[in-house]
Amino acid sequence: GENVEQHPSTLSVQEGDSAVIKCTYSDSASNYFPWYKQELGKRPQLIIDIRSNVGEKKDQRIAVTLNKTAKHFSLHITETQPEDSAVYFCAALKGGGNKLTFGTGTQLKVEL
Amino acid sequence: GAVVSQHPSRVICKSGTSVKIECRSLDFQATTMFWYRQFPKKSLMLMATSNEGSKATYEQGVEKDKFLINHASLTLSTLTVTSAHPEDSSFYICSASRDSYNSPLHFGNGTRLTVT
């Protein structure tokens, strides 16, 4: 089955700096890669996603890049703000399926 | 956007009792819903895939007689934790998507279960 690895597990940045979270996946048949943000005790919220026919996608301060050859994808947050502090999960979904495999999560802390 | 409602948000029960958690898709029909379990500071672990009108598909290591899933309609799936024990205490989250494949998942608010 699919295996998704995520790094780093924790990340501390100063407000205004950029944050990058990286994930790798094992199944080359995976073709949909969402990113979720989860605040303590709350539901994961979809913040951005990318499909395998696209190399990069951007939405305001958030961007995701995908390298299919290397089987890795990354989340980039620019101009970080304290409200960006949360746990971020990457995930991968195999083409033709509907079962997401999640990464292990990254605790992002944006310090003032 | 798609809304998934989960109830209750928090429940405390005694060992040996059963607890039912509901997951509803409010503005779309979901032929498939998913149930996850999340331990503190850990990732979401898929427990089972709930299919409307048929039996749920359980992940390896998840006891189907312990975690009963019923998906009676296109908008409702329930998870019943039977004969709960303290080790069942966890955060349970459901999710659903509009279409069968490759569609964004939308999560419920989660249920914090504490078994005393």
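The values are calculated or read from the model by the stated rules, or taken from the named source; none is laboratory data. If you're wondering where the values come from, they're calculated on a predicted model, not measured in any experiment. Using ideal geometry, Cβ is built from the backbone for each residue, glycine included, and neighbour counts are taken over all protein chains shown.
Is at least one residue of segment A:25-33 within 14 Å of chain B (Cβ to nearest Cβ), in contact with a Leu (Cβ under 7 Å, 6 or more places away or on another chain) and within 14 Å of B:SER43 (Cβ to Cβ)? So far as segment A:25-33 goes, no, none of its residues is within 14 Å of chain B (Cβ to nearest Cβ), in contact with a Leu (Cβ under 7 Å, 6 or more places away or on another chain) and within 14 Å of B:SER43 (Cβ to Cβ).
On inspection, A:THR78 does not qualify as free of Cβ contacts under 8 Å to residues at least 24 places away in the same chain and either away from every other protein chain (no Cβ under 14 Å) or of a type in the set (S, T, N, Q) (or both).
Specify the residue that is nearest to the other protein chains (Cβ to nearest Cβ); the eligible residues are those in segment A:34-51 that are in a strand (DSSP E or B) and under 20 Å from B:HIS7 (Cα atoms). Here the residue is A:PRO44.
Within the option set B:SER73, B:SER103, being at pLDDT below 90 and either touching a helix residue (DSSP H, G or I) at 6+ places or on another chain (Cβ under 8 Å) or over 24 Å from A:ALA91 (Cβ atoms) (or both) holds for one residue only, B:SER73.
Going through (1) crowded, with 20+ Cβ neighbours inside 10 Å; (2) over 19 Å from B:ARG37 (Cα atoms) one by one, A:PRO44 falls short only on (2). Those strands (runs of 3 or more DSSP E) of segment A:71-112 in which 2 or more residues are more than 16 Å from the chain's Cα centre (by Cα) occupy A:106-111.
When the test is whether a residue is within 14 Å of chain A (Cβ to nearest Cβ) and in contact with a Gly (Cβ under 6 Å, 6 or more places away or on another chain), B:SER50 does not pass it. Just one of (1) within 14 Å of chain B (Cβ to nearest Cβ); (2) touching an Asp or Glu at 6+ places or on another chain (Cβ under 9 Å); (3) part of a loop (DSSP other than H, G, I, E, B); (4) not small (Gly, Ala, Ser) fails for A:VAL54. It is (2). Kindly evaluate A:ASN3 against the criterion of being in contact with a Gly (Cβ under 7 Å, 6 or more places away or on another chain), at pLDDT below 95 and farther than 25 Å from B:ASN109 by Cα. No; evaluated as a whole, the condition is false for this residue.
Condition check ((1) more than 20 Å from A:TYR36 (Cβ to Cβ); (2) surrounded by fewer than 16 Cβ atoms within 10 Å (Cβ to Cβ)) across all residues:
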{"position": "B:VAL11", "(1), (2)": "yes, no"}
{"position": "B:SER15", "(1), (2)": "yes, yes"}
{"position": "B:SER25", "(1), (2)": "no, no"}
{"position": "B:GLN38", "(1), (2)": "no, no"}
{"position": "B:LYS64", "(1), (2)": "yes, yes"}
{"position": "B:ILE69", "(1), (2)": "yes, no"}
{"position": "B:THR75", "(1), (2)": "yes, no"}
{"position": "B:GLU87", "(1), (2)": "yes, yes"}
{"position": "B:SER90", "(1), (2)": "no, no"}
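Taking strands (runs of 3 or more DSSP E) as the structural unit, those lying wholly within segment B:3-116 and holding at least 3 residues that are within 14 Å of the chain's Cα centre (by Cα) and closer than 25 Å to A:THR106 by Cα correspond to B:32-38, B:44-51, B:90-96, B:111-115. Just for segment A:86-105: of the residues that are surrounded by 20 or more Cβ atoms within 10 Å (Cβ to Cβ) and among the hydroxyl-bearing types (Ser, Thr, Tyr), which one is farthest from the other protein chains (Cβ to nearest Cβ)? The residue in question is A:TYR88. For segment B:83-116, a residue qualifies if it is in contact with an Asp or Glu (Cβ under 7 Å, 6 or more places away or on another chain) and more than 9 Å from chain A (Cβ to nearest Cβ), and the qualifying residues are B:LEU113, B:VAL115.
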